[in-house]
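Asks: Okay, here's the structure, questions in a sec.
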Amino acid sequence: MLEIFAIYKFCQHFGKKLRAKGRESTGYLLLFIVMWFFFEIVGGIIGMIVTGEGGGAYVMGLMGALCSVALMGYIVSIAPPKNAVPMSYGFPTEPEEGPPPLPADSHEGEQPRV
């Protein structure tokens with residue numbers, strides 16, 4: 001029962017952060033719930049293999065679930081805002097304007113004098 005409450009509170013937290021960025025939170029929260037149970041089951045299996053008892057499996061399962069919280073926190077933190085400019089290597093992918101015009105007194109096509 002406590003785990004369901006934890007999932008609910010984390011979903012509220014992540015949903016609030018995503019909505020602040022203008023993102024739809026439903027897909028992210030479904031991903032979080034699936035990740036929680038997947039990591040909990042995998043952690044429980046690893047705990048059972050390592051310790052050979054139920055208590056160790058439960059603790060490792062909870063550690064796996066906390067790993068899913070950390071991973072989802074990272075995913076939410078790097079999610080770009082909805083109206084973000086696409087970036088490539090730190091620069092916008094499409095320039096807003098063309099190159100600046102050359103000054104009127106430029107001698108671009110002339111040969112240099114020796």
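The values are calculated or read from the model by the stated rules, or taken from the named source; none is laboratory data. Computed from a prediction, not measured in an experiment: that's the story for all the values here. Positions of Cβ are generated from backbone atoms using ideal geometry, with glycine treated the same way; all protein chains shown enter the neighbour counts.
Asks: Can you pull out every residue in the stretch 52-91 that is more than 19 Å from Gly22 (Cβ to Cβ) and modelled with pLDDT under 90?
Replies: Passing the criteria: Gly52, Glu53, Gly54, Gly55, Gly56, Ser88, Tyr89, Gly90, Phe91.
Asks: Return the total of residues in the stretch 8-38 being outside any helix (DSSP H, G or I) and not hydroxyl-bearing (Ser, Thr, Tyr). So that I can check it myself, show each step before the final result.
Replies: The initial filter retains those residues of the stretch 8-38 that are outside any helix (DSSP H, G or I), namely 21-25.
From the residues that got through so far, the ones that are not hydroxyl-bearing (Ser, Thr, Tyr) too are 21-24.
The number of residues fulfilling the criteria is 4.
Asks: Say we look at the stretch 26-56 and pick out the residues that are of a type in the set (Gly, Ala, Ser) and either crowded, with 19+ Cβ neighbours inside 10 Å or in contact with a strand residue (DSSP E or B) (Cβ under 6 Å, 6 or more places away or on another chain) (or both); which of these is farthest from Asn83 (Cα to Cα)?
Replies: Looking only at the stretch 26-56, we keep the residues that are of a type in the set (Gly, Ala, Ser), and these are 27, 43-44, 47, 52, 54-56.
Restricting the remaining residues to those that are either crowded, with 19+ Cβ neighbours inside 10 Å or in contact with a strand residue (DSSP E or B) (Cβ under 6 Å, 6 or more places away or on another chain) (or both) gives 43-44, 47.
Values: Gly43: 38, Gly44: 41, Gly47: 43 Å.
Step by step, filter the stretch 26-56, then rank; the result is Gly47.
Asks: Give just the number: which of (1) touching a Ser or Thr at 6+ places or on another chain (Cβ under 8 Å); (2) loosely packed, with under 14 Cβ neighbours inside 10 Å does Glu3 not satisfy?
Replies: (1)
Asks: Turning to a different aspect of this structure: Using beta carbons and a limit of 6 Å, which pairs, at least six apart or on different chains, have the first residue in the stretch 1-29 and among the basic types (Lys, Arg) and the second one assigned to a helix (DSSP H, G or I)?
Replies: Close Cβ pairs (under 6 Å, with a partner that is assigned to a helix (DSSP H, G or I)) amount to Lys17/Val76.
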